[in-house]
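Below: one structure, written as structure tokens.
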Amino acid sequence: MTETADLPQTLTEIVEDFHAVSERERLELLLELSRELPELPETYGGNYHEQMEQVVECQSPLFLAVEYDDDANTAQLIFSAPAEAPTTRGFASILQQGLSGLTYQQILDVPDDLHQRMGLAKAITPLRLRGMSAMLGRVKHNIRQHQGQRAG
Amino acid sequence: MTEKDLSQYANPEALVSTDWLAEHLNDPNVVVLESNEDVLLFETGHIPSAVKIDWHTDLNDPVTRDFLDAEAFAEFASSKGISPDSTLVFYGDKSNWWAAYALWVFTLFGHQDLRLLDGGRAKWIDEGREVTTEVRTPQRTQYPVPAQRDDQTFRAFREDVMDHFGKPMIDVRSGPEYTGEVTVAAGMEGEGALRGGHIPTAASVPWGSAANEDGTFKSRAELEEIYTQQAGVGQADEVIAYCRIGERSSHTWFVLQHLLGYPNVRNYDGSWTEWGNAVRLPIAVGEEPGEAPRR
């Protein structure tokens, strides 16, 4: 399907899951994903506000950290969002499940219109969907910056 | 903590405490409606018996940038188990932004008994009160189609704003949105405007000024200090409030209409996404309200 031709495998599966169900059920799927967002690792525990950066474009507080493995050229994504922001958590969970552990290049190659691929346009305001796009943009920005630092 | 005395407000009936709601949850005439900014939040747990309103999909016309018409509203209210004599209690996240918005939309259709839960969802949860994920299917009612959606009394269009110059107007957006420093609110990209600034003569009172830290409304005396004195609304008969798309200003509309009792308060829901983008409309930038345009 055209929505997934240029996506890495796990993301493809997630996008296909969204398209396999009705519009109403897509919200339930997003809710399920929000519940699957991993707990913050203990190393971030107490002072995550200092160790993570806030993605301010999101309507609810979202914190992001990227852990780099320069030997494998892969990145782990860590997100934190409060329980009272399930939509934000759902978006973060899609990116976490779909991208974490992939190579820098694979993540950079993810199309910027990913947030429009899940068929959520009717159920969720464009504004909220753009929050997801901002998350992806921030992840890519961090990876590019990291690569730049290594090169420099 | 002692319970706040709601009789201080102009319309004490418009606000209920969490205690009141807890006592009236099983009252057959009370319908509790949750309206959140986050469309998934209701599903994670809500006040028992509450029914969800999705402000984005339930209240708007799918084609025109407008609210439901009278027929669609009647159908919507019927599907939520609402009758014309129901006591409706609205609550939601983010200090009741979207709850106030839903309440204001219901006002347009003439529903009489509309109330807001003081402190909203956060206060209920912080107090450790019961929440459930069990979704109640409302028993369908037959809500008669209202004679009209009243777009005159509580709602302003841009032409009304033009005619209003010289009378008090309140811009409830953040400071940087008001001055024109930014064309979108932080985190609200996509609801921006071509130009930054405010409607000339509007006073800046960010909506959050009306709320305490726990999301409850400030006392009437504090609200009078902020709106009547500082913002210069004084004893005006007519006030217009606006924000970006009309939802934050619904919160301020509620304050001016129900808590302070101004006789004629209208919400300009076209707000900055219309005014800041429209051809031939004047704007003001910077911290000063600016001059009314010459007619």
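The values are calculated or read from the model by the stated rules, or taken from the named source; none is laboratory data. The structure presented is a predicted model; accordingly, all values stated were derived computationally and were not measured. Note: ideal-geometry Cβ built from the backbone for every residue, glycine included; neighbour counts use all protein chains shown. When the accessible area is computed, the model is the full protein with side chains, heavy atoms only, and any ligands, DNA or RNA have been set aside. Shrake-Rupley method; radii C 1.70, N 1.55, O 1.52, S 1.80 Å.
Rounded to the nearest 5, the antiparallel percentage of DSSP beta bridges internal to the range B:155-276 is 10%.
Extension gain, B:H24-B:A236: 0.36 nm per intervening residue step, less the Cα-Cα distance, totals 72.7 nm. Axis of helix A:126-151 versus longest Cα principal axis of chain A: the two differ by about 20°, to the nearest ten degrees. Proximity of backbone amide H atoms, modeled 1.01 Å from N, is registered between B:L15 and B:L116 at under 5 Å, excluding neighbours fewer than 5 places apart on the same chain.
Rounded to the nearest 0.05, what FRET efficiency is calculated for B:F76 and A:R35 with R0 set to 51 Å and r the Cβ-Cβ distance?
Numbers: r = 29 Å, r/R0 = 0.58.
Efficiency at R0 = 51 Å is approximately 0.95.
Take every Cα pair under 8 Å whose residues are at least 6 apart in sequence, average their separation, divide by the length of chain B, and the relative contact order is 20 percent.
The simple Förster model, with R0 at 25 Å and r as the Cβ-Cβ distance, assigns B:E225 and B:V182 a FRET efficiency of 0.35. Restricting attention to the protein assembly as shown, close to 35% of DSSP beta bridges with both partner residues there are antiparallel.
Accessible area per residue for chain A, computed on protein heavy atoms with a 1.4 Å probe, is 48 Å². Pairing chain A with chain B buries about 1600 Å² of accessible area. This figure sums both sides and uses a 1.4 Å probe.
Modelled spin labels at A:A5 and B:E127, positioned 7 Å past Cα toward Cβ, are 5.7 nm from each other. Taking only protein heavy atoms and a 1.4 Å probe, the accessible area of the range A:66-152 is 44% carbon and sulfur. Across the alpha-carbon atoms of the protein assembly as shown, the computed radius of gyration and Dmax are 23.1, 71 angstrom. Only lysines eight or more places from B:K94 in sequence, or on another chain, were considered; those with a Cα closer than 17 Å are B:K52, B:K123, B:K218. Tell me the angle of helix B:70-79 to the major Cα principal axis of chain B, expressed in degrees between 0 and 90 and rounded to the nearest ten. It works out to around 30 degrees. Estimated purely from DSSP H runs of n ≥ 4, each contributing -39500 (n - 2.57), the mean residue ellipticity at 222 nm for chain B is -5500 deg cm²/dmol once divided by its residues.
How many percent of Cα pairs in the range B:187-295 exceed 24 Å?
Numbers: 1478 of 5886 pairs.
Value for the range B:187-295 (Cα pairs over 24 Å): 25 percent.
For chain B, the longest principal axis of the C-alpha atoms and the axis of helix B:97-108 are separated by about 90°.
Near B:G290, the amide H atoms lying under 5 Å from its own belong to B:T201; only residues 5 or more places off or on other chains count, and H is placed 1.01 Å from N. Per residue, chain B exposes 42 Å² of accessible surface when a 1.4 Å probe is rolled over the protein heavy atoms with every protein chain present. When the other protein chains are added to the chain by itself, burial of at least 30 square angstrom of heavy-atom accessible area (probe 1.4 Å, ligands and nucleic acids ignored) affects these residues of the range B:32-54: B:E37, B:D38, B:V39, B:L40, B:L41, B:E43, B:T44.
Based on DSSP H runs of at least 4 residues, each adding -39500 (n - 2.57), what is the mean residue ellipticity at 222 nm of chain A after dividing by all its residues, to the nearest 500 deg cm²/dmol?
Numbers: 6 runs with 75 residues, N = 152.
Roughly -15500 deg cm²/dmol at 222 nm, from the helical runs in chain A.
Roughly how many percent of the accessible protein surface of chain B is carbon and sulfur, given a 1.4 Å probe and a whole-percent answer? Display every interim value, and only then the final one.
Numbers: 5960 of 12370 Å².
Answer for chain B: carbon and sulfur cover 48 percent of the accessible area.
Counting every pair of alpha carbons in the range A:1-133, the share spaced more than 20 Å apart comes to 45 percent.
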